[in-house]
Amino acid sequence: MAILSGVLAPLAVQAADEYSLRIERQPLARVLRELSEQTGLQIVAMFATDHGEASKPVGPLRGEFTAEAALQKLLADSDLTFARVNSNTISITSKPAPAKRAVQAPMPAKKFSPLSYVASAPAHDDVENVLVTGSHIRGARAAGSKLLMIGRDAIESSGQGRLPDALTTLSQNFHGVSEAYTQPTGVYNFNRGAEIQLRGLGPGTTLTLVNGQRQASGGQRGSMVDISSIATSAIERVEILPEGASALYGSDAIGGVINVILRKDFDGLETSVRGATAGGEADETQFAQLWGKTWSRGNVLIGYQYNERDPLRASARSYSAANDDLRAFGGSDYRVLGSNPGTILNAQLQPIAAIPAGQDGTNLTAAQLIPGVVNYADLSSRYWVLPEQKQHTAFMHGSFALTDNWEAFADSRYSSREFELHLANSRRNVTVPASNAFNRIGSTVRVAYDFADDLGVYTLSGRTETVASAAGVAGALSNDWQIKLTGGYAKERNASRIANGINGTALTQFLASSNPAVALNVFGDGSNTNPATLAALRSSSFEQSEWTTTSANVIVDGPLFKGPGGLVRGALGADFRREHLTHVNPAFNVARNVGRDVSAVFTEFAVPLLGPRNARSSESQLELSLAGRYEDYQDVGSTFDPKFGLGWRPLQALKFRGTWGTSFRAPPFHLADSQFQTSFAQVRSVVDPMSQATNGMSQVLVLSGARDDIKEETAEVWTAGVDFAVPLVDNLSIALTYFDIVYDDKIQYPGAHTTYLTQGVQ
């Protein structure tokens, strides 16, 4: 697909040279690290970490600032000054000594500060290397890429209490899988989580990271990462790379990457309370409490957040309250057969007569039926658009300087979310034999009937538990190289239960019974069957899935050589992870236990081709980025994905960019093992643009299930764009991006629901 998108950058997404900053009052060394993290700039600290100014508290700093304006405010009362080295680097030094001093005492030798990853290299090469999404090279932004950042201030000012809601205004997010019960996404998302879908390519095509680490899969088929488990009070910023990035991160990054960066440095207590309502429905309550402590060699942060939301009932909205006939609003008639009282069907399941209202069905005859009339089901009267949700989240982060050159860090979060959703799945087309005690029509008859009055509302409820932990060390190697080693563990457990379902075996038995005390009565208005029969007819089901991801990775990066445009830098890394699934469904006698190993090696280079020193203008810059990743899956084979990027800034306010690369998505590993999931064939009605039928449907033979020879989904992705900062207008920039995605071998689940939605029959 090829799409040209042009947007005026909203305040929530940073313009080229202004940043939404939120920095608490704390020692200057900490503040500079946070400033670098929130801007993505390299900040060269040209003074020793035991310099008096380094420990002096400064701030707070909140609002929209350029990097220069922020530093002017932070350093106003210090003996430090700053200078822009190039578009990506700012140096901070002591102010010049007074002229009357003939001799100046030498500055103490610099120390490596692992808390801000400042390397002990020659002064002109010092950088505060902050890792941003889209590059494994600290302090570098991948040339040609358009990285978007949304800060915590922007999330808070949006008025939204949850991350999925705050990101709905992001134009690159096509609002794919959500907690609302919609088909076909409902089959992936029984536990009503929420997934970001950049470019709208379908479930599982956007890689979701937290602090750069992969998370456990979720959903019924492990095809999504539920971002609703992340507490907004824990978020420092969100980085979005809306382009293919498998060369950097591996599987799933076809539409792009979203990386949620959690808060780290915080000193003090913070309490927040939030309440919201939407027209008297979906009322929300949120409470959050944080405690943090920062000292000279480390920090710790602990937080808790509680969210509660009432359901949004379809009956509370005018466009859905009456029924599914939306013709009055310019839509279509989506009503289906299967009501109470019911409708008589012919052998082709077409309506022929309505069962009259106001009678109990015990003596209904054929003469009392109403020919040519259809009783439609009013499903919206009991349907919930959004589920009731209650969620507890706890999180922590800690870091500690082991030596002057090494830092250890750890973070962890836990979330428990309970939900309940009322659905409209209680209608059936039933065949009533002549033997039925209430069948006075005299022959076998087919009835479209709604069991809601008999059994209660069809209800889906469940609980989702999410655990994610990571720990590692980072430090300096020789020759200005750095290393980071990280291990992680993530788990998502989904348990769901369906209540007020229908026992198929009992249904057949009770429809055939000639005993009025046992037989099922589907010929009346309301519930007219013996409660004991209904109790035996009512069924429930339960299933549970637990997805885990255990990972380890190492990345080293640093300078390679000095080129004509500047310092060429590189990164090299390796990943290993173990993915595992256990799944039980007693109703279908299912007990699954399967896993796979994944290993990868990758490399990346940042190559400045034209730097400020040899360009005609000091604002000119030409950069090249190169990346490649080899990934091997235990079950589906291996793949290699390259990526190239080029960025050219002829003027400070104007930048041209472009990328090309290949990306892939590995099939969910339970689909690559035929012993795990048996293939089966069935005839289904599906939407067919070439169909000659009036309903636009065709019947096809569908073979579904696992395949031992299944391969990965692949895509070739390229982008081209231009960024323009409008002169003399603050906070206004224009970004135009053209992207082209050729997506091959996509794995699709053909939904049996298509017949239900269009025909009203199953």
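The values are calculated or read from the model by the stated rules, or taken from the named source; none is laboratory data. Because the structure is predicted, anything quoted here is derived from the model rather than measured. Virtual Cβ from ideal backbone geometry, glycine too; neighbours counted across all protein chains shown. Side chains included, ligands, DNA and RNA excluded: accessible areas come from the protein's heavy atoms. Shrake-Rupley method; radii C 1.70, N 1.55, O 1.52, S 1.80 Å.
Data for the structure
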quantity	calculated
Number of positions in the range 521-538 that are open to solvent by less than 20 Å² (accessible area, probe 1.4 Å), more than 11 Å from L511 (Cβ to Cβ) and touching a Gly at 6+ places or on another chain (Cβ under 7 Å)	2
Index of the failed condition, I254 passing every other in (1) surrounded by fewer than 24 Cβ atoms within 10 Å (Cβ to Cβ); (2) over 24 Å from H583 (Cβ atoms); (3) β-branched (V, I, T)	(1)
Residue within the range 711-719 that is modelled with pLDDT of 75 or more and farther than 30 Å from G647 by Cβ present	yes
Residue satisfying all of: in the range 86-104; at pLDDT 75 or above and touching a Lys or Arg at 6+ places or on another chain (Cβ under 9 Å); most open to solvent (accessible area, probe 1.4 Å) among these	S91
Filtered residue count, the range 287-305, keeping only those that are among the charged types (D, E, K, R) and assigned to a strand (DSSP E or B)	1
Cβ-Cβ under 8 Å pairs, at least 6 apart or on other chains, the range 730-747 side free of Cβ contacts under 8 Å to residues at least 60 places away in the same chain and farther than 14 Å from R665 by Cα, far side hydrophobic (A, V, I, L, M, F, W, C) and surrounded by fewer than 17 Cβ atoms within 10 Å (Cβ to Cβ)	none
Single residue of A45, A67, A76, A83 found to be buried (at least 20 other Cβ atoms within 10 Å of the Cβ), modelled with pLDDT of 80 or more and among the small types (G, A, S)	A67
Identity of the residue in the range 630-676, among the small types (G, A, S) and within 23 Å of L241 (Cα to Cα), that ends up surrounded by the most Cβ atoms within 10 Å (Cβ to Cβ)	S663
Close pairs (8 angstrom Cβ cut-off, 6 or more residues apart or separate chains): farther than 14 Å from S171 by Cα in the range 146-160, in a loop (DSSP other than H, G, I, E, B) and open to solvent by 60 Å² or more (accessible area, probe 1.4 Å) anywhere	A154/L11
The range 568-591: number of residues that are hydrophobic (A, V, I, L, M, F, W, C) and open to solvent by less than 50 Å² (accessible area, probe 1.4 Å)	5
Residues located in the range 568-589, provided they are in contact (Cβ under 8 Å) with a residue 40 or more places away in the chain and not small (G, A, S)	V568, R569, D575, R577, E579, L581, H583, V584, N585, P586
Residues located in the range 677-707, provided they are among the β-branched types (V, I, T), modelled with pLDDT of 70 or more and open to solvent by 50 Å² or more (accessible area, probe 1.4 Å)	V683, V687, T694, V700
Among residues of the range 442-466, those that are in contact (Cβ under 8 Å) with a residue 60 or more places away in the chain, among the small types (G, A, S) and not in a strand (DSSP E or B), counted	3
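A quick yes/no check of all residues on (1) open to solvent by 20 Å² or more (accessible area, probe 1.4 Å); (2) within 21 Å of P351 (Cα to Cα); (3) not β-branched (V, I, T):
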| residue | (1), (2), (3) |
| --- | --- |
| F419 | no, no, yes |
| H422 | yes, no, yes |
| R428 | yes, yes, yes |
| S443 | yes, yes, yes |
| A448 | no, yes, yes |
| V457 | yes, no, no |
| V467 | yes, no, no |
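Here is a yes/no grid of residues against (1) under 30 Å from R317 (Cα atoms); (2) acidic (D, E); (3) outside any strand (DSSP E or B):
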| position | (1), (2), (3) |
| --- | --- |
| G358 | yes, no, yes |
| A367 | no, no, yes |
| Q389 | yes, no, no |
| A394 | no, no, no |
| H397 | no, no, no |
| F400 | no, no, no |
| S415 | no, no, no |
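Quick grid of which residues meet (1) part of a loop (DSSP other than H, G, I, E, B); (2) basic (K, R); (3) under 27 Å from D450 (Cβ atoms); (4) open to solvent by 60 Å² or more (accessible area, probe 1.4 Å):
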site	(1), (2), (3), (4)
L248	no, no, no, no
T285	no, no, no, yes
N307	no, no, no, no
I344	no, no, yes, no
